[in-house]
Amino acid sequence: MTKITEATAYLVDLEVETKRTDAVQAFLKQETIFVELRTDDGALGTGYSYTIGTGGTSVLAMLREHLLPRLLGQDARMIEQLWYDQFASTRATTVGAITSLALAAVDIALWDLRCKRAGEPLWQVAGGFRPEVPLYDTEGGWLHLSTDELVQGALGSQAAGWPGVKLKVGKPRVEEDVERLRAVREAVGPTLDIMVDANQSMTGAEARRRAAAFEPVGLGWFEEPLPADDIDGHVALARSTSIPIAVGESLYSASQFREYLTRGAASIIQVDVARVGGITPWLKVAHLAETFNVHVCPHFLMELHVSLVAAIPNGRYVEHIPQLRAITRGELAVRDGHALAPDTVGLGIDWDPDEIADRRVA
Ligand code: MG
């Protein structure tokens, strides 16, 4: 038994590292909810979760008032049992975003402890498949950027050796989207992967129309074309286009992914370790996708996802959006367009306690 003796949570606000906009929202700030668990062998496990601007204090209250007290005296090694107990204790508010984000912060702290007990990095403990994974850049593709800025961003990524970029779509007129995508394709040539993301902004009819207009550009995937709960719409769209359909950043439980996969509604799975409730359910979704011969390309949180994608055979890409640099030492290591999974013991994130303390808001 490795008994949990202390469980605390706090909230840290991080400014956005660059202006980020899409068809429906802007990234206002990263509310970062930390959980720290101490065990009777002297170990400290740190987990975290996030929002892009609202709800952070709600996640914090769920943790402090409800979830964390249940952990005291429990065996930190029993990760499946603890996840189930925490989930079952929130039946009145699951499945939901606030609860899943809270569950994730706890689960990730437990995995940090598991890695430290093993003396191994996360990418090994979670599976161990390959030490580096391809990286694509989203930072040069925001919706407010001009066509020229998109072209310069994509050329910069290509020159750095990155295999892909992602561009936001959802301009009022389809011709604007097409003009922006064509300009980038003409500049970079045929070999760079170009992905597009509509952030759930379209109707089914509009998404089918845009997909047909985008097809000649040659796209890696069409991400979140429709509201995440419109599974029928995704099925119809997937049947109507040759562009792979990507979903996952707005799904909050593993079983929601099963529905998409069994119905052929998506062929790229973007499961987000915070929004799905932690590493425990993330791995279940990733392995489920493998049984459907489908790739996993997780949303955001590259500092954690690099290790998780490195742990599975069906990982395809990690998304480059740096957002923890203010509170960590060092940066994600990148070589020839690939992110290297950290080989240090634990999650592989070198937190800076002083910088975290400076930004603590609750
Ligand atoms: Mg997206």
* Asked: Residues in the range 56-64: is at least one modelled with pLDDT of 95 or more, out of contact with any strand residue (DSSP E or B) (no Cβ under 8 Å at 6 or more places or on another chain) and closer than 30 Å to ASP197 by Cα?
  -> yes
* Asked: Based on what the data block shows, is VAL235 in contact with a helix residue (DSSP H, G or I) (Cβ under 7 Å, 6 or more places away or on another chain) and either free of Cβ contacts under 8 Å to residues at least 40 places away in the same chain or assigned by TED's automatic domain parsing to the domain that holds ASP22 (or both)?
  -> no
* **Members of the range 65-119 that are among the acidic types (Asp, Glu) and in contact with a strand residue (DSSP E or B) (Cβ under 9 Å, 6 or more places away or on another chain)** => ASP75, ASP107, ASP112
* Scan the range 126-146 residue by residue and report those that are under 20 Å from HIS287 (Cα atoms) and surrounded by fewer than 21 Cβ atoms within 10 Å (Cβ to Cβ). => GLY127, GLY128, PHE129, ARG130, PRO131, GLU132, PRO134
* **Unique match (being out of contact with any Phe, Trp or Tyr (no Cβ under 6 Å at 6 or more places or on another chain), touching a residue at least 40 places away in the same chain (Cβ under 8 Å) and not assigned by TED's automatic domain parsing to the domain that holds ARG208) among LEU113, LEU82** => LEU113
* When you look at GLU176, is it within 28 Å of LEU251 (Cβ to Cβ) and of a type in the set (Asp, Glu), yes or no? -> no
* Asked: Taking the range 290-300, which residues are within 16 Å of the ligand (Cβ to nearest atom) and of a type in the set (Phe, Trp, Tyr)?
  -> PHE300
* For residues that are buried (at least 23 other Cβ atoms within 10 Å of the Cβ) and farther than 22 Å from PRO281 by Cα, tally how many sit in the range 328-345. => 1
* **Candidate set: the range 301-320, residues that are free of Cβ contacts under 8 Å to residues at least 60 places away in the same chain and within 10 Å of the chain's Cα centre (by Cα); chosen: the one farthest from the ligand (Cβ to nearest atom)** => GLU303
* **Options GLY56, GLY73: the member that is under 17 Å from GLU6 (Cβ atoms) and either of a type outside the set (Lys, Arg) or not assigned by TED's automatic domain parsing to the domain that holds HIS299 (or both)** => GLY73
* To do: Can you confirm whether the range 290-305 contains a residue that is surrounded by fewer than 24 Cβ atoms within 10 Å (Cβ to Cβ), out of contact with any strand residue (DSSP E or B) (no Cβ under 9 Å at 6 or more places or on another chain) and assigned by TED's automatic domain parsing to the domain that holds TYR136?
  => yes
* Filter the range 121-152 for residues that are out of contact with any strand residue (DSSP E or B) (no Cβ under 9 Å at 6 or more places or on another chain) and of a type in the set (D, E, K, R); which is nearest to the ligand (Cβ to nearest atom)? -> GLU149
* Asked: Does TYR84 count as of a type in the set (Phe, Trp, Tyr) and assigned to a strand (DSSP E or B)?
  -> no
* **Failed item in (1) more than 24 Å from the chain's Cα centre (by Cα); (2) more than 21 Å from LEU150 (Cβ to Cβ), with VAL276 passing the rest** => (1)
* **Any chance ALA198 is hydrophobic (A, V, I, L, M, F, W, C), touching a residue at least 60 places away in the same chain (Cβ under 8 Å) and either in contact with a strand residue (DSSP E or B) (Cβ under 9 Å, 6 or more places away or on another chain) or not assigned by TED's automatic domain parsing to the domain that holds SER49 (or both)** => yes
* Could you list, in sequence order, the residues of the range 266-289 that are within 16 Å of the ligand (Cβ to nearest atom), crowded, with 21+ Cβ neighbours inside 10 Å and of a type outside the set (Val, Ile, Thr)? -> ALA266, GLN270, ASP272, ALA274, ARG275
* To do: Check ALA274, ALA266, ALA357 and return the single one that is at pLDDT 95 or above and in contact with a Gly (Cβ under 9 Å, 6 or more places away or on another chain).
  => ALA266
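The values are calculated or read from the model by the stated rules, or taken from the named source; none is laboratory data. Computed from a predicted model, the values in this text were never measured in an experiment. Neighbour counts run over all protein chains shown; Cβ positions are idealised from the backbone, glycine included.
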